[in-house]
Amino acid sequence: MITSKLVHAFLTAYELTFRRVVSRIWDKLFLAASVLLVMLPISPWNMVNPRRDSGVFLYIGWRILQGELPYRDIWDHKPPVIFYINALGVALSGHSRWGIWCLEVLFVFCAVWLGFRLLRKVFGGGVAAATLLLWLATLVFVIQGGNLTTEYTLPVQFALLTLVCRVEEKPSRRSWFLIGVLTALAFFTKQNTIGISLAILLYLIIGRFRSREYQRLWQEIGQMALGFGAVSLLVVLFF
């Protein structure tokens with residue numbers, strides 16, 4: 001009798017623990033599986049050779065590992081961050097494409113995770129999951145073989161949106177500075193991604209003017225400008 005009660009208590013505790021663990025990780029597993037479905041077709045298993053832009057980025061990344069400097073020793077018109085992401089990928093995988101593909105998966109997963117959390121908070125889990133599947137389905141037609149600047153700016157853009165939502169709930173100068181830093185990182189990866197930061201700035205101006213918080217507006221814009229300027233100065237000094 002005692003043994004059966006102990007077994008029953010153990011099974012109940014195990015079931016509760018299992019459910020708790022599943023409830024915590026099911027969304028991560030769902031997101032990871034969704035990302036892999038999109039990214040596997042452009043993996044080195046399926047794509048033996050990179051496409052033109054990806055090949056240029058990989059080549060410049062390899063040249064960086066040889067001690068050369070973009071724009072001085074090798075030229076391309078893209079901003080610098082993409083070259084150093086490729087240098088990291090090449091270094092991680094011993095000069096194969098697997099390293100950069102793993103970085104692509106990581107970046108896209110971070111974007112999906114941030115976007116899913118943000119949408120779930122605002123609209124609920126069902127809408128977040130449906131939206132996630134829709135934008136991942138369209139991503140297939142955007143990445144065109146992979147290793148493009150578009151992929152690497154996605155998590156930064158979702159991080160910007162997440163920070164804006166958070167700072168509206170809990171004002172913080174540090175968050176606005178970080179928004180400026182992320183804006184600069186996105187800009188030096190792909191210039192036209194600055195559009196999302198301009199939209200945030202417009203939202204900020206309209207909101208603060210409506211509430212007549214003019215001093216707060218200038219402080220927040222100043223923090224954003226300081227973060228953007230700090231990263232820009234480092235890039236200029238480096239090159």
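Here are some notes:
- Scan of region 72-89 for residues that are closer than 21 Å to residue 145 by Cβ, outside any helix (DSSP H, G or I) and either in contact with a Lys or Arg (Cβ under 6 Å, 6 or more places away or on another chain) or open to solvent by less than 70 Å² (accessible area, probe 1.4 Å) (or both), ordered by number: 76, 78, 79
- Among residues of region 188-203, those that are open to solvent by less than 60 Å² (accessible area, probe 1.4 Å), of a type outside the set (Ser, Thr, Tyr) and either in contact (Cβ under 8 Å) with a residue 40 or more places away in the chain or in contact with a Ser or Thr (Cβ under 6 Å, 6 or more places away or on another chain) (or both), counted: 3
- Any hit, region 55-71, residues being open to solvent by 60 Å² or more (accessible area, probe 1.4 Å), closer than 26 Å to residue 194 by Cα, part of a loop (DSSP other than H, G, I, E, B) and modelled with pLDDT of 90 or more: yes
- Restricting 48, 112 to residues that are over 24 Å from residue 232 (Cα atoms) and in a helix (DSSP H, G or I) narrows the list to 112.
- Residue 209 meets the conditions (1) open to solvent by less than 20 Å² (accessible area, probe 1.4 Å); (2) over 30 Å from residue 39 (Cβ atoms) in every case but one. The failed one is (1).
- The number of residues in region 73-98 being in contact (Cβ under 8 Å) with a residue 12 or more places away in the chain, out of contact with any Ser or Thr (no Cβ under 7 Å at 6 or more places or on another chain) and of a type outside the set (Asp, Glu) comes to 15.
- The set of residues in region 125-165 that are touching a Lys or Arg at 6+ places or on another chain (Cβ under 6 Å) and within 30 Å of residue 48 (Cβ to Cβ) comprises 145, 149, 153.
- All conditions in (1) hydroxyl-bearing (Ser, Thr, Tyr); (2) touching a Lys or Arg at 6+ places or on another chain (Cβ under 9 Å); (3) modelled with pLDDT under 50 hold for residue 43, with the sole exception of (3).
- Residue count for region 165-187, restricted to those that are farther than 12 Å from residue 227 by Cβ and open to solvent by 80 Å² or more (accessible area, probe 1.4 Å): 4
- Any pair with Cβ under 7 angstrom, 6 or more apart, that starts in region 30-49 at a residue that is under 20 Å from residue 128 (Cβ atoms) and ends at one that is open to solvent by 70 Å² or more (accessible area, probe 1.4 Å): 34/133; 38/140
- For first residues located in region 216-239 and more than 16 Å from residue 191 (Cα to Cα) and modelled with pLDDT under 95, partners that are surrounded by 13 or more Cβ atoms within 10 Å (Cβ to Cβ) and of a type in the set (A, V, I, L, M, F, W, C) and lie 6+ apart or on another chain with Cβ distances below 6 Å form the pairs 220/176; 223/176; 223/177; 224/176; 224/179.
- Residue check for residue 133: under 25 Å from residue 90 (Cα atoms) and either at pLDDT 85 or above or open to solvent by 60 Å² or more (accessible area, probe 1.4 Å) (or both): no
- Identity of the residue in region 99-124, within 14 Å of residue 54 (Cα to Cα) and in contact with a Ser or Thr (Cβ under 8 Å, 6 or more places away or on another chain), that ends up most open to solvent (accessible area, probe 1.4 Å): 101
The values are calculated or read from the model by the stated rules, or taken from the named source; none is laboratory data. Note that the coordinates shown come from a computational prediction; the quantities given were computed from them, not determined experimentally. Ideal geometry is used to build each Cβ from the backbone, glycine not excepted, and the neighbour counts take in all protein chains shown. SASA here: full protein model, heavy atoms, side chains in, ligands and nucleic acids out. Shrake-Rupley method; radii C 1.70, N 1.55, O 1.52, S 1.80 Å.
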